[in-house]
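Below: the structure, in structure tokens.
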Amino acid sequence: MTAAADLLGPDGPLAAALPGFEFREGQVEMAARVEEALRRGGTLFVEAGTGIGKSFAYLLPALLSGERIVVSTATKALQDQLFEKDLPTLQEILGTRVRALRVKGRENYLCRLEWARFGEGQTPWAVPSATRDRDLRRIARWARTTRTGDRDEIPGIEGPLDFWRSISTVAENCIGKVCPEYDECHLTRLRRQVQRSRLLIVNHHLLVADRLVRQNGYGRILGDYEHVIVDEAHRLEAAATHSLSVTLTSGAARRLTTEVSRFWKQDVPGKRPPAAAGRLRRRWERLFDGLPRGAPGEATAFDPLALPETAMEARAAAQSDLEALDSALGEVGEGLRAPAARSAEADPPADPKAGADRLRVKVQDLRDDLEMLFAPREDFVHWTRAPARQGAAARRLPLGAAGRRRGPGAALFATVAPIHPGGLLPELLFDSLQSCVLTSATLAVDGGFSHVAEELGVSATEEATIPSPFRYEEQAGLFVPRGAPAPTGPRFAEAVADQVLELVTASRGRALVLFTSWANLERVFRRLDGRCPYPLLRQERGAGSQRRLAEFRRRGNAVLLGVRSFWEGVDLPGEDLTLLVIDKLPFPVPTDPLQRARQARAQERTGNGFVRYSVPLTALALKQGVGRLIRSSSDRGLAVVFDSRLKTRSYGRRILDSLPPFRRIEDAAEAVRFLEELP
Ligand code: SF4
């Protein structure tokens, strides 16, 4: 028996110290596997069913290993749980004092240099408003005393701040070692703490982004490590895609040149900003006018080699404008001096020389991103997207020469992203590791890991599928209505709403209804509104899930309608949730250029892109959604999936087999009876 397994055993110290501790064989098995992987090296894939207590099963071996280990999660909620709850509990019981640190992404920390300029109104975001003035005063008080620079610690500010990114330590704001604030920089302090720590809790974005360090940037924060444990590993590919992508907006040049103009006005008095700034703005607009644009919210693929000639010319000209701006900033920066006095306690004074350096970083970043966005690469896909809702204000914006509306509401986003991040991840991350544990409650399809291995570009040296300790057969039912209208048909949403009404009457509310699209959610909501006998709640666009979930819990008998952000991470143990309804199979959106390119790649490789790419992806997403229902050993409930393709299509069996083994319910009458019998 291994050391970690001893500790998790029925007579171990955890059982003695933790009230309600349940011995779980699966937890012991996982701990032993992780311990072995850390000792021997290699890559372990482990699917750990809900309820086995996987965080203890990897934290314990990590604490005992004596190695420096990075633990990466997809969500902040899990990071918080590991750092604030699980680790202190284990350290106390074990009597260990392993130095652990939670490291957030760079966008979470305050850049002292940028803050000084912002405070003096030198950035284009400093538009006065009462709320912003109040927030700025709070930040100013906090900035003088904070030791961490972590924005989560600013008293009185909880929600998002629209200007925060522009004063954060993100790479595009950072001039690295030449920064006059470098020694006092919150990143420098953080890096020192990282070096002293043995266990680092990070998120997937930081894990990947930290490896993509710019030449002139700050450098890596996480330093060197050889062991990584990735929890919520089913989301690593998406995080890697995001970190390896570049997105530019039609407003990027306007923002940069406004900042350049302000800098010149303030720090280079008597001289006009370089002519390249004005030219860049016009050429940028011409470039974005030449890109394809679909309906709001829709993505439209483009081939960078097949753009109109005007756009090609504008792009080349914008590159030379950026080079000219870079040289002009370099020259003017040579003649500027840093202020003499500075202290760690007071706000640092704005430093004109550093201001020029910082603008150069932004110019160089934009130049690199522009280059990357339009470089034709076989393994990358390019697309544009207009914001989903442009609103009445945007529709009133004046039309430009090419018939495009101008102004912030008419933004267009252009993105380039890797089709297969797994082609880049080995060199970027996996090849330099001695051991890597990839775990999640949803990692395997058909009991195997070939899908995730292909996605991430890494093969397992060891694999384990550890089932949940829950008695799914007894605790839950699964109902796929026979003869439901086709999910793409015109009457589908109405049929879902009518059936939901019947089911929530039997379940006395306490229902979560998950949708694959906003359109279906809205239709079902309209049909239920006024007819549903229980409080009817719906997710709001652009809002997080927490407020609605809190209301759902408070009401005790509500029916909550949500889209994709509710499919994962929602944890509603107990009787609050007894009915889970899913409108249809969460297939990748067929019009999404990235998904299309990925399926085409799978088609080329395997001869059947749909079966080898879309079906496993759908099975994993459905498994996540269904996983919201049973969260503890005493939960009971019914899951309903309104998609007849599960019964009529050949891939349906494969998807069903990937779900937890709930008791199969055959007809609506049995489903109603099942719900009525629940406590
Ligand atoms: S080193 Fe970079 S992040 Fe830190 S204060 Fe300077 S510019 Fe800001």
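The values are calculated or read from the model by the stated rules, or taken from the named source; none is laboratory data. Note that the structure is predicted; figures quoted are calculated from it, not measured. When we count neighbours, we look across all protein chains shown, and the Cβ atoms used for this are built from the backbone with ideal geometry, even at glycine. To get the accessible areas, we keep the full protein, side chains included, count just its heavy atoms, and leave off ligands, DNA and RNA. Shrake-Rupley method; radii C 1.70, N 1.55, O 1.52, S 1.80 Å.
Summary table
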read-out: Angle between the chain longest axis and helix 518-528 axis [Cα atoms, degrees, rounded to 10]; value: 50 degrees
read-out: Check: the chain dipole with +1 on Lys, Arg Cβ and -1 on Asp, Glu Cβ, in debye; value: 2420 debye
read-out: Sparsely packed trypsin sites (Lys or Arg not before Pro) within region 511-558, loop by DSSP, other Cβ within 10 Å at most 13; value: 531, 541
read-out: Simple spin-label estimate for residue 84 and residue 494 in nanometres, 7 Å along Cα-Cβ; value: 4.8 nm
read-out: Using θ = phi - 60° and Karplus 6.51 cos²θ - 1.76 cosθ + 1.60, couplings along region 311-316 (whole Hz; Gly, Pro as x); value: 5, 4, 5, 4, 5, 4
read-out: Efficiency of FRET from Cβ geometry, residue 192 and residue 265, R₀ 41 Å, rounded to 0.05; value: 0.60
read-out: Gyration tensor (alpha-carbon) shape descriptor, region 147-216, a/c threshold 1.5; value: rounded
read-out: Amide H contacts of residue 445 (H built 1.01 Å from N, under 5 Å, at least 5 apart or other chain); value: 450, 451
read-out: Within the accessible area of region 140-276 (1.4 Å probe), percent carbon and sulfur; value: 48 percent
read-out: Listed peptides 588-595, 498-505 by packing density, highest first (mean Cβ within 10 Å); value: 498-505, 588-595
read-out: Separation of the residue 177 and residue 133 label points, Cα + 7 Å toward Cβ, nm; value: 4.4 nm
read-out: Nearest-0.05 FRET efficiency for residue 551 and residue 502, computed from C-beta distance (R0 22 Å); value: 0.35
read-out: Backbone HN-Hα couplings from phi across region 432-440 [Karplus 6.51/-1.76/1.60, Hz, Gly and Pro as x]; value: 8, 9, 7, 9, 9, 10, 10, 9, 5
read-out: Nearest-ten-degree value, helix 593-606 long axis tilted from longest Cα axis of the chain; value: 60 degrees
read-out: Accessible area expressed per residue, the chain, with surrounding protein chains retained (probe 1.4 Å, Å²); value: 44 Å²
read-out: Label-zone membership for region 56-74, site residue 99, 7 angstrom Cα→C-beta point, backbone N under 20 Å; value: 62-72
read-out: Cα centre as origin, Lys/Arg/Asp/Glu Cβ charges: region 280-330 dipole, Debye; value: 140 debye
read-out: Dipole of the chain, positive end: most advanced residue of 352, 56, 558 [Cβ charges, Cα centre]; value: 352
read-out: Amide H within-cut-off set for residue 230, under 5 Å, with H built and near neighbours excluded; value: 72, 437, 438, 439
read-out: Relative contact order of the chain, defined on C-alpha pairs under 8 angstrom at six or more residues apart (%); value: 16 percent
read-out: Sequence ranges 296-306, 51-61, 451-461, 150-160, ranked by mean other-Cβ count within 10 angstrom, highest first; value: 51-61, 451-461, 296-306, 150-160
read-out: Three-way shape label, region 15-66, alpha-carbon gyration tensor, a/c 1.5; value: oblate
read-out: Estimated [θ] at 222 nm from DSSP helical runs (n ≥ 4, -39500 (n - 2.57)) normalised by residues in the chain, nearest 500; value: -12500 deg cm²/dmol
read-out: Fraction of antiparallel bridges per DSSP, the chain only, in percent to nearest 5; value: 25 percent
read-out: Kirkwood estimate for the chain, i.e. one over the average of 1/r between Cα atoms, Å; value: 27.6 Å
read-out: Nearest 10 degrees, 0 to 90: helix 615-626 Cα axis against the chain principal axis; value: 70 degrees
read-out: Distance histogram for region 472-676 (every C-alpha pair counted, 5 angstrom bins, percent rounded to whole numbers); value: 1, 7, 16, 20, 21, 16, 10, 5, 2, 1, 0
read-out: Relative contact order of region 472-676, defined on C-alpha pairs under 8 angstrom at six or more residues apart (%); value: 35 percent
read-out: Distance between modelled label sites at residue 67 and residue 657, nm, 7 Å Cα→Cβ extension; value: 3.4 nm
read-out: Backbone HN-Hα couplings from phi across region 225-238 [Karplus 6.51/-1.76/1.60, Hz, Gly and Pro as x]; value: 7, 10, 10, 10, 10, 10, 8, 6, 5, 5, 9, 5, 4, 5
read-out: Amide H contacts of residue 538 (H built 1.01 Å from N, under 5 Å, at least 5 apart or other chain); value: 561
read-out: Region 472-676, accessible surface, carbon-and-sulfur percent (1.4 angstrom probe); value: 47 percent
